[in-house]
1. Tell me, please, whether a residue that is modelled with pLDDT of 85 or more, surrounded by 11 or more Cβ atoms within 10 Å (Cβ to Cβ) and polar (S, T, N, Q) can be found in the range 91-100.
2. Kindly check whether there is at least one residue in the range 218-234 that is open to solvent by 30 Å² or more (accessible area, probe 1.4 Å), closer than 14 Å to SER144 by Cβ, among the aromatic types (Phe, Trp, Tyr) and modelled with pLDDT under 95.
3. Looking only at the range 167-180, decide whether some residue is out of contact with any helix residue (DSSP H, G or I) (no Cβ under 9 Å at 6 or more places or on another chain), open to solvent by 50 Å² or more (accessible area, probe 1.4 Å) and at positive phi.
4. When the residues of the range 120-137 are filtered to those that are in a helix (DSSP H, G or I) and open to solvent by 70 Å² or more (accessible area, probe 1.4 Å), which remaining residue is nearest to ASN247 (Cα to Cα)?
5. With in a helix (DSSP H, G or I), over 22 Å from TYR244 (Cα atoms) and at pLDDT 90 or above as the only criterion, which of ASP140, ASP148 stands out?
6. What about HIS209, is it within 42 Å of the chain's Cα centre (by Cα) and not polar (S, T, N, Q)?
7. Looking at SER185, SER200 in this structure, which one is open to solvent by less than 70 Å² (accessible area, probe 1.4 Å) and more than 41 Å from the chain's Cα centre (by Cα)?
Amino acid sequence: MFTQEEVKSFIIKLGNKWFFPDFSNKITWYVVTLGAGFILVPEPIKLFFLNWLIDIFNLNSGVPLELPELEASTDYTVGIVLIVLALAHNLGHKYFSLEKDKFDHAVSQELKHSDLKLLEKFLLEFPSDCSSAILLKDHDFGNSFNRDYLKNIDDFTYRWNGAEYKFMNKDIDEKRAVFHSLCKSFLVKIAEYTAPVGASNFSSVVPDHLRGEWDFPDWVKSQITELNEMATEVYRTHQEFILYAKNEI
């Protein structure tokens, strides 16, 4: 059972939602104020004001037919009609605002559902525990690596830049684009700095003739450092993208 205070609170909220005008709804306030003026303003003042407006019209209209001056009356019909019209307008305003909010919410939910499906696809193809993510996170490029471990990055780079792989949420898609750009740059450097190790499926920054040496030339050290730093940044961006997208969706 509802308490008396709960019922009272519900009635007040219902009235605020449907019957009482919003301060932003200026048309309703203007009409209500005008209607109340017809009812509350003393008759002599109201009559003087209206006849003054009629005199101005008669003097400036240029029309041969003049409007007659108003006489005193206790008929509040005009004021009441204006107030009723204002309340009716307010009800209509509330109704269409509510319908618009419902429509906007439905569209927003549909866009979120679309982005959620795309994020699920990304997590299936490039999860945090895939071989590419582990390579980015843990590998030291001073050592050789299996080229198969680049598959997730390769697939993402060459597939996730088409229209069907763009998120509807602009902020999420901007982060996808940043991550995509980093992956592409990383693959370019891999192609530039590494070479196959013999006939195996492995690649290495260190040339064959230097492998086994204790100290590498500066240019080799520089390339190893650059790849290690890029891999760390790509992995960090991968993680930030996933967390941000999950939070937004």
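The values are calculated or read from the model by the stated rules, or taken from the named source; none is laboratory data. In this text, all values refer to a predicted model and were calculated from it rather than measured experimentally. Heads up, the Cβs are rebuilt from the backbone with ideal geometry, glycines too, and the neighbour counts pull from every protein chain shown. All accessible areas refer to the heavy atoms of the entire protein, side chains included, with ligands and DNA or RNA removed. Shrake-Rupley method; radii C 1.70, N 1.55, O 1.52, S 1.80 Å.
1. No, because not a single residue in the range 91-100 is modelled with pLDDT of 85 or more, surrounded by 11 or more Cβ atoms within 10 Å (Cβ to Cβ) and polar (S, T, N, Q).
2. The answer is no; no qualifying residue exists.
3. No.
4. That would be GLU120.
5. None of the others qualify; the one that does is ASP148.
6. No.
7. None of the others qualify; the one that does is SER200.
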